[in-house]
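The values are calculated or read from the model by the stated rules, or taken from the named source; none is laboratory data. This structure is a prediction, so every number in the text was calculated from the model and none was measured. Here the Cβ is made from the backbone with ideal geometry for all residues, glycine too, and neighbour counts use every protein chain on show. Only protein heavy atoms, including side chains, enter the accessible area calculation; ligands, DNA and RNA are left aside. Shrake-Rupley method; radii C 1.70, N 1.55, O 1.52, S 1.80 Å.
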Amino acid sequence: MKLVWSPETASKAYIDTVKSCELFQESSVAELISAMAAGWDARLIVETWSRGGVIATSIGLTVASRHTGGRHVCIVPEEDSRSEYIEAMERAGMSPEVVVGKPEEVMVGLMGIDFLVVDCRRNDFARILRVAELGHRGRFLVCKNASSRAASDFRWRSVVEGGSRRLVRSVFLPVGRGLDIAHVATSGGSSDSVKGKSRWFKHVDRQSGEEYVIRK
């Protein structure tokens, strides 16, 4: 399935997240991530969270899932984290799906992830990215708190390249405490951004003024 960006859906998710995160500081991360997940029509959105973590990002992901008609799953390490997370989300009027367990083990049951958010302050964040079962469409891996010491030596190719995965592009954004984002393609998927794929070009005939759309 082709990966298509929807500015309208992204804008709606962004605005709704702004409204939902009015009481939280540093909500700019939540707004951006929400707009990305919604704009790229992510149907399975997964994140990791533990006690004491910022809840705004989770709110943004839930908002995005509502706009895409998708599923938002949060993986927490133990029951205490689950209780704290659910309580905080319910106060915000949200009720995402929560799974307790080690992320690398829970990932086995989550097939076709379109949008994955991990916290770089976790020592195992790279391993989580490596074992994630990605879908066949273009999908996105997001590392928040990417300016942390644990992420200082991190390179996307160490978790993406090889096997059926291919790194299309990555970018670091100085938003919040840093966002490191990668667009990943897998064999069998389709993405116009992958090398070798054809693209559409518009050509205008100078004599007649007619416009033609050509695929090359």
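Could you tell me what percent of the accessible area of segment 88-157 is made up of carbon and sulfur, with a 1.4 Å probe and every protein chain present? Intermediate results must be reported in sequence, preceding the final value.
On the way: 1560 of 3370 Å².
Result for segment 88-157: 46 percent of the exposed heavy-atom area is carbon or sulfur.
So what is the relative contact order of segment 95-144, in percent, for Cα pairs below 8 Å that sit 6 or more residues apart?
Across segment 95-144, relative contact order equals 45 percent.
Let's test this: bin the Cα-Cα distances of segment 1-54 at 10 Å from zero up to the farthest pair and state each bin's percent.
Cα pair-distance distribution for segment 1-54, in percent: 24, 47, 25, 4.
If you count, for each residue, the other Cβ atoms within 10 Å and average over each peptide, how do 91-102, 119-130, 171-182 line up from highest to lowest?
Working: 91-102: 14.3, 119-130: 18.8, 171-182: 16.7.
Taking the mean over residues of other Cβ atoms within 10 Å, the ranking is 119-130, 171-182, 91-102.
Which order do you get for GLU104, GLU90, GLU47, GLU133 if you rank them by accessible area with a 1.4 Å probe, largest at the top? Could you put the intermediate results ahead of the total?
Details: GLU104 45, GLU90 120, GLU47 0, GLU133 75 Å².
Largest accessible area first, the list is GLU90, GLU133, GLU104, GLU47.
Starting from the Cα-Cα distance between LEU173 and SER28, subtract it from 0.36 nm times their residue separation and give me the gain in nm to one decimal. Don't skip to the answer; put the middle values down first.
Values: separation 145, 0.36 × 145 = 52.20 nm, distance 1.16 nm.
The LEU173-SER28 span can extend by a further 51.0 nm.
Compute the whole-percent fraction of alpha carbon pairs in segment 17-152 spaced more than 20 Å apart. Mind dumping the intermediate values first?
Working: 3711 of 9180 pairs.
The proportion of pairs with Cα distances above 20 Å equals 40 percent.
What ranking, highest mean first, results for peptides 10-19, 151-160 when packing means the other Cβ atoms within 10 Å averaged over each residue? Could the numbers behind the result be given before it?
On the way: 10-19: 19.2, 151-160: 14.9.
Descending mean neighbour count gives 10-19, 151-160.
Need one number: % antiparallel among DSSP beta bridges in segment 81-189, to the nearest 5. Working shown, then result.
On the way: 15 of 21 bridges.
Taking every DSSP beta bridge within segment 81-189, about 70 percent pair in antiparallel fashion.
In percent, what relative contact order does segment 94-181 have, based on Cα pairs under 8 Å that are 6 or more apart in sequence?
Working: 117 pairs, mean separation 23.7, N = 88.
Relative contact order here is 27 percent.
Using bins 5 angstrom wide from zero, how does P(r) for segment 53-118 break down, in % of all Cα pairs?
Calculated over all Cα pairs of segment 53-118, the distribution is 3, 16, 30, 27, 18, 6, 0 percent.
Using +1 on the beta carbon of Lys and Arg, -1 on that of Asp and Glu, and nothing else charged, what's the dipole of segment 8-82 about the Cα centre, debye to 20?
The dipole of segment 8-82 has a size of about 200 debye.
For segment 90-163, taking Cα atoms only, what is the radius of gyration to one decimal and the Dmax to the nearest whole Å?
Taking only Cα atoms of segment 90-163, I get Rg and Dmax of 13.4, 43 Å.
How far is the Cα center of segment 106-147 from the Cα center of segment 1-51, in Å?
Taking the Cα centre of segment 1-51 as reference, the centre of segment 106-147 is 16 Å away.
Efficiency by 1/(1 + (r/R0)^6): what FRET value for GLU105 and ASP153, r their Cβ-Cβ distance, R0 = 30 Å, to the nearest 0.05?
Working: r = 25 Å, r/R0 = 0.83.
About 0.75, to the nearest 0.05.
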